[in-house]
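Below is one structure, written out as structure tokens; the observations come after it.
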Amino acid sequence: VRAAGQTAGEDGRLWELARDTLDGNWAGGHTVPSRTLYPHQWSWDSAFIAIGWAHVRPERTWSELTSLFRAQWRDGRVPHIVFNPAVSGGAYFPGPAFWASETVEGAPAVATSGLVQPPVHALAAWHAYRRLPSEEGRAALRRLYPRLVAQQRYLATCRDVGGAGLASIVHPWESGLDNSPAWDAPMSAVPAEAAVMRAYRRRDTVHADPAHRPTDLDYARYVTIVTAYRAGGYRDDDLAERHPFLVECPLFNAAMGASELALAGIAEVVGADPGPHRERAVRITEAVVTRLYDPDSGTFHPRDLRTGRLTPARTVLGLTPLILPGLPTRQIEAVLAEARSARFGLAARMDRPLPSHDRTATDFEPLRYWRGPSWMNIVWLIRHGLLAHGHDRLAAGLRTSMIELVAAAGCHEYFHPDTGAGLGSPAFSWTAALLLDVLA
Ligand code: 2M8
């Protein structure tokens with residue numbers, strides 16, 4: 001752990017800013033993504049946040065993950081939101097009353113959502129542990145290991161709707177990239193009208209500029225999809241026959257594969273057998289390539305199980321299978337070509353931040369959430385993948401870009417992909433956490 005002040009000059013200032021941002025969002029046992037926009041615990045946020053805590057307050061790495069997994073459902077699903085009972089139910093939409101998790105058999109005592117998010121947790125736990133191995137860390141890994149295994153098992157069984165060894169997401173919120181153009185095709189088939197939202201009160205647009213957030217029509221569809229899933233008690237049987245949104249996402253599945261490899265590492269530390277994890281990682285990697293790689297575009301796309309087709313948009317999701325250490329050379333090279341093209345502009349010296357969507361596309365929106373702006377967790381994951389494949393110079397380009405963004409704009413939630421201006425929440429936890437990781 002590096003004490004503030006040990007780092008000279010500008011890096012020291014950023015280090016303190018990032019640590020103070022995390023401290024400000026610490027809610028005792030977990031860290032909120034943002035005090036205003038997201039006042040509860042979010043699943044994949046906590047994974048990224050845990051990585052940051054390892055560098056400044058290591059004990060919080062393990063509380064962050066432990067508190068999240070305490071809310072794991074009996075079937076193994078890790079809910080995407082764990083509601084803090086001390087925060088008013090109306091502070092965030094949709095709040096605990098909307099999800100009604102307490103009515104579901106197998107849900108925990110604390111109120112949660114019924115959806116999941118990309119399973120980056122084993123990856124994060126292993127990354128944090130390796131950055132700072134300790135006896136406390138080993139004890140935490142021993143406690144977390146069976147829960148991480150159950151999380152992966154849930155996704156690999158209940159969510160393998162397509163039967164090809166990949167997990168399906170049942171809602172765009174499960175992707176973490178809520179309104180990405182990747183979901184436009186499957187979302188257009190979900191029945192809804194913007195007027196549906198008159199029955200609800202959105203809270204996000206109170207705290208953030210509505211022009212930077214998903215639209216009311218998007219929200220109407222989000223509500224329709226949750227309502228359908230909730231009506232079936234959040235069960236996953238027969239989803240293919242009855243659920244309006246079913247997609248195999250490249251990031252979600254790459255995270256699942258990379259987490260199996262992380263679990264192999266964790267298994268060795270806790271005295272379990274790493275073999276089955278390595279085998280599963282190989283199988284998931286093969287399925288990601290077979291099902292989600294498109295040789296014509298030279299990148300990865302989500303597969304819409306309702307049409308059987310790959311969705312056409314070329315978003316940053318296409319680059320994320322780089323986090324799979326076993327990705328074949330052919331796909332690594334294709335993805336690198338896509339990343340270095342004018343669409344994404346990856347370079348050893350970036351002239352602009354990495355966007356979340358193809359910047360040459362007609363539906364590229366530089367201000368709107370996941371439809372163009374640059375996001376630190378995605379940049380961190382792609383950098384992690386570049387390092388795994390030995391592309392150190394390109395990885396360094398992303399690291400410099402991350403540092404420059406925060407230096408100029410602060411720990412914002414997302415950044416304008418041309419100017420680097422800060423957007424969304426100004427004190428956002430995963431931005432701070434992942435900055436600490438690249439500075440350390
Ligand atoms: C955003 O998603 C939530 C819904 O889960 C929202 O918009 O209200 C996404 O950026 C998601 O990836 C993130 O985990 C969450 C909290 O930071 O916010």
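Couple of notes before you dig in:
- A single entry from Glu102, Glu10, Glu16, Glu59 fulfils the requirement of being under 21 Å from Asp236 (Cα atoms) and over 20 Å from the mean Cα position of the chain (by Cα): Glu102.
- Some residue of region 215-235 being crowded, with 17+ Cβ neighbours inside 10 Å, over 30 Å from Ala97 (Cα atoms) and modelled with pLDDT of 95 or more: no
- Applying the set (1) in contact (Cβ under 8 Å) with a residue 24 or more places away in the chain; (2) of a type in the set (Gly, Ala, Ser); (3) farther than 25 Å from Gln41 by Cβ to Ala231 leaves exactly one unmet item: (1).
- Residues that are touching a Ser or Thr at 6+ places or on another chain (Cβ under 8 Å), not aromatic (Phe, Trp, Tyr) and not in a helix (DSSP H, G or I), drawn from region 425-440: Ser425, Ala427
- Checking Glu136 against (1) touching an Asp or Glu at 6+ places or on another chain (Cβ under 7 Å); (2) within 16 Å of the ligand (Cβ to nearest atom), the condition it does not meet: (2)
- Residues that are surrounded by 24 or more Cβ atoms within 10 Å (Cβ to Cβ) and either without any contact (Cβ under 8 Å) to a residue 24 or more places away in the chain or among the polar types (S, T, N, Q) (or both) within region 35-54 comprise Gln41, Ser43, Ser46, listed in sequence order.
- Any hit, region 302-313, residues being buried (at least 22 other Cβ atoms within 10 Å of the Cβ) and under 23 Å from Tyr129 (Cβ atoms): no
- Within region 156-177, tally of residues that are more than 16 Å from the ligand (Cβ to nearest atom) and assigned to a loop (DSSP other than H, G, I, E, B): 11
- Residues of region 90-106 that turn out to be part of a loop (DSSP other than H, G, I, E, B) and without any contact (Cβ under 8 Å) to a residue 40 or more places away in the chain, as a count: 2
- The set of residues in region 346-363 being within 17 Å of His301 (Cα to Cα) and in contact with a helix residue (DSSP H, G or I) (Cβ under 9 Å, 6 or more places away or on another chain) consists of Pro355, Ser356, His357, Asp358, Ala361, Asp363.
- Scope region 409-440; condition farther than 22 Å from Trp26 by Cα, in contact with a strand residue (DSSP E or B) (Cβ under 8 Å, 6 or more places away or on another chain) and either among the hydroxyl-bearing types (Ser, Thr, Tyr) or surrounded by fewer than 18 Cβ atoms within 10 Å (Cβ to Cβ) (or both); matching residues: Ala421
- Filter result (in a loop (DSSP other than H, G, I, E, B) and either in contact with a Cys (Cβ under 6 Å, 6 or more places away or on another chain) or within 15 Å of the ligand (Cβ to nearest atom) (or both)) within region 14-32: Ala27, His30, Val32
- Residue in region 379-396 that is free of Cβ contacts under 8 Å to residues at least 60 places away in the same chain, within 15 Å of the ligand (Cβ to nearest atom) and either surrounded by 22 or more Cβ atoms within 10 Å (Cβ to Cβ) or assigned to a loop (DSSP other than H, G, I, E, B) (or both) present: yes
- Matching entry among Thr290, Thr320 (being β-branched (Val, Ile, Thr) and either modelled with pLDDT under 95 or more than 25 Å from Trp126 (Cβ to Cβ) (or both)): Thr290
- The set of residues in region 261-301 being surrounded by 20 or more Cβ atoms within 10 Å (Cβ to Cβ), of a type in the set (Val, Ile, Thr) and over 16 Å from Arg138 (Cα atoms) consists of Ile284, Thr285, Val288, Thr299.
- Pairs with Cβ under 8 Å, 6+ apart, first in region 363-378 and within 14 Å of Trp183 (Cα to Cα) and modelled with pLDDT of 95 or more, second among the aromatic types (Phe, Trp, Tyr) and crowded, with 24+ Cβ neighbours inside 10 Å: Tyr369/Tyr414
- With respect to the conditions (1) in contact with a helix residue (DSSP H, G or I) (Cβ under 8 Å, 6 or more places away or on another chain); (2) part of a helix (DSSP H, G or I); (3) under 30 Å from Ser88 (Cα atoms); (4) away from the ligand (no atom under 16 Å from the Cβ), Ala122 falls short on a single one, namely (3).
- Looking only at residues of region 398-424 that are under 19 Å from the mean Cα position of the chain (by Cα) and not in a loop (DSSP other than H, G, I, E, B), we find that the one that is nearest to the ligand (Cβ to nearest atom) is Tyr414.
- Members of region 33-72 found to be within 12 Å of the ligand (Cβ to nearest atom) and small (Gly, Ala, Ser), listed by number: Ser34, Ser43, Ser46, Ala47
The values are calculated or read from the model by the stated rules, or taken from the named source; none is laboratory data. For clarity, every value in this text was computed on a predicted model and none was experimentally measured. Neighbour counts are summed over all protein chains in view; Cβ atoms, including those assigned to glycine, are modelled from backbone coordinates with ideal geometry.
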